[in-house]
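Heads up: the structure comes next, in structure tokens.
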Amino acid sequence: MKKYRDHYFKRAKQDNYPARSVYKLQELDKRFQFLAKGQRILDLGAAPGSWTLFAAKKTGAAGRVVAVDLQAIDIELPDHVTALQDDLLHPSPRFAEVMGSQAPFDVVLSDMAPKTTGVKITDQARSLELAEMARDVALDTLKTPGGTFVVKIFEGPDVPQYVSDLRQYFKKVKTAKPKSSRAESKEIFVMGFGFKGQE
């Protein structure tokens, strides 16, 4: 297990990413191909910045990435990235201003995770809350038609309903667990493709 964990940790250091989580996004994108040059991308739960850097690389200087997290992102970011230290539960006027100028987005990503307690049911409930928050932001800011939503959620009894609810907004909804997720991790990724808008 430790060897497995070290592999991605070391690789992230070599590739100049602040965290191993980048390989999850890389793997999902390789499989489903939702990131492309020139896109506008919103990255929720962005700190320490690995997903942001990868998204910025994929979209290139012609695109835009907006990275939002409660924590500050303490790494150097390319010029086409805007980083916001903000709380989605109580967004600041600056958040509204940036959303107003940058939305609609081609892709909304959410790697948000709760501070885990070790109590499975509590952690799952908190993860669901964050996934619902991310979904609400996505529904308000995604490009219609055709936007993509990618969200992390902890497996639990509420996930099937969450996935089912997404189907009313997206043409296709898929779930996946990347190889680079730790084997003991309960996280899965839910992806909505072809945003239809809110009816």
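Looking at region 90-126, which of the residues that are in contact with a strand residue (DSSP E or B) (Cβ under 7 Å, 6 or more places away or on another chain) and in a loop (DSSP other than H, G, I, E, B) is farthest from residue 28 (Cα to Cα)?
Taking the candidates together, the pick is 104.
For the list (1) within 24 Å of residue 153 (Cα to Cα); (2) among the hydroxyl-bearing types (Ser, Thr, Tyr); (3) without any contact (Cβ under 8 Å) to a residue 60 or more places away in the chain; (4) open to solvent by less than 50 Å² (accessible area, probe 1.4 Å), I need the number of the one condition that residue 117 fails.
Unmet for residue 117, out of (1) within 24 Å of residue 153 (Cα to Cα); (2) among the hydroxyl-bearing types (Ser, Thr, Tyr); (3) without any contact (Cβ under 8 Å) to a residue 60 or more places away in the chain; (4) open to solvent by less than 50 Å² (accessible area, probe 1.4 Å): (4).
For region 170-199, how many residues meet the condition of being in contact with a helix residue (DSSP H, G or I) (Cβ under 9 Å, 6 or more places away or on another chain), farther than 27 Å from residue 50 by Cβ and modelled with pLDDT of 95 or more?
0
Within region 127-199, which strands (runs of 3 or more DSSP E) (wholly inside it) include 2 or more residues that are in contact with a Gly (Cβ under 9 Å, 6 or more places away or on another chain) and more than 21 Å from residue 88 (Cα to Cα)?
170-176, 187-195
Quick one: how many residues across region 37-68 are open to solvent by 10 Å² or more (accessible area, probe 1.4 Å) and free of Cβ contacts under 8 Å to residues at least 40 places away in the same chain?
So the count comes out to 12.
Report yes if some residue within region 163-172 is touching a Ser or Thr at 6+ places or on another chain (Cβ under 7 Å), farther than 14 Å from residue 191 by Cβ and either touching a residue at least 40 places away in the same chain (Cβ under 8 Å) or open to solvent by 40 Å² or more (accessible area, probe 1.4 Å) (or both); otherwise report no.
no
Can we say residue 54 is part of a loop (DSSP other than H, G, I, E, B) and of a type in the set (A, V, I, L, M, F, W, C)?
Criteria not met by residue 54.
So which residues in region 27-36 are part of a helix (DSSP H, G or I) and touching a residue at least 40 places away in the same chain (Cβ under 8 Å)?
Taking region 27-36 first, the residues part of a helix (DSSP H, G or I) are 27-32.
Answer for region 27-36, where residues must be part of a helix (DSSP H, G or I) and touching a residue at least 40 places away in the same chain (Cβ under 8 Å): 27, 28, 31, 32.
Just wondering, is there one or more residues in region 73-85 that are exposed (fewer than 12 other Cβ atoms within 10 Å of the Cβ) and either at pLDDT 95 or above or in contact with a Cys (Cβ under 6 Å, 6 or more places away or on another chain) (or both)?
yes
Going by the conditions given, is residue 100 more than 21 Å from residue 130 (Cβ to Cβ) and loosely packed, with under 12 Cβ neighbours inside 10 Å?
So residue 100 passes the test.
Give all pairs with beta carbons closer than 8 Å in which a residue from region 180-194 that is at negative phi meets a residue that is of a type in the set (Asp, Glu) and surrounded by 14 or more Cβ atoms within 10 Å (Cβ to Cβ); count only pairs at least 6 apart in sequence or on separate chains.
These pairs meet every condition: 180/27; 181/187; 186/123; 186/155; 187/155; 188/155.
The values are calculated or read from the model by the stated rules, or taken from the named source; none is laboratory data. Model, not experiment: these values are computed from the prediction. Cβ sites come from the backbone with ideal geometry, for glycine too, and all protein chains shown count toward neighbours. These area figures cover heavy atoms from the full protein model, side chains too; ligands, DNA and RNA do not enter into them. Shrake-Rupley method; radii C 1.70, N 1.55, O 1.52, S 1.80 Å.
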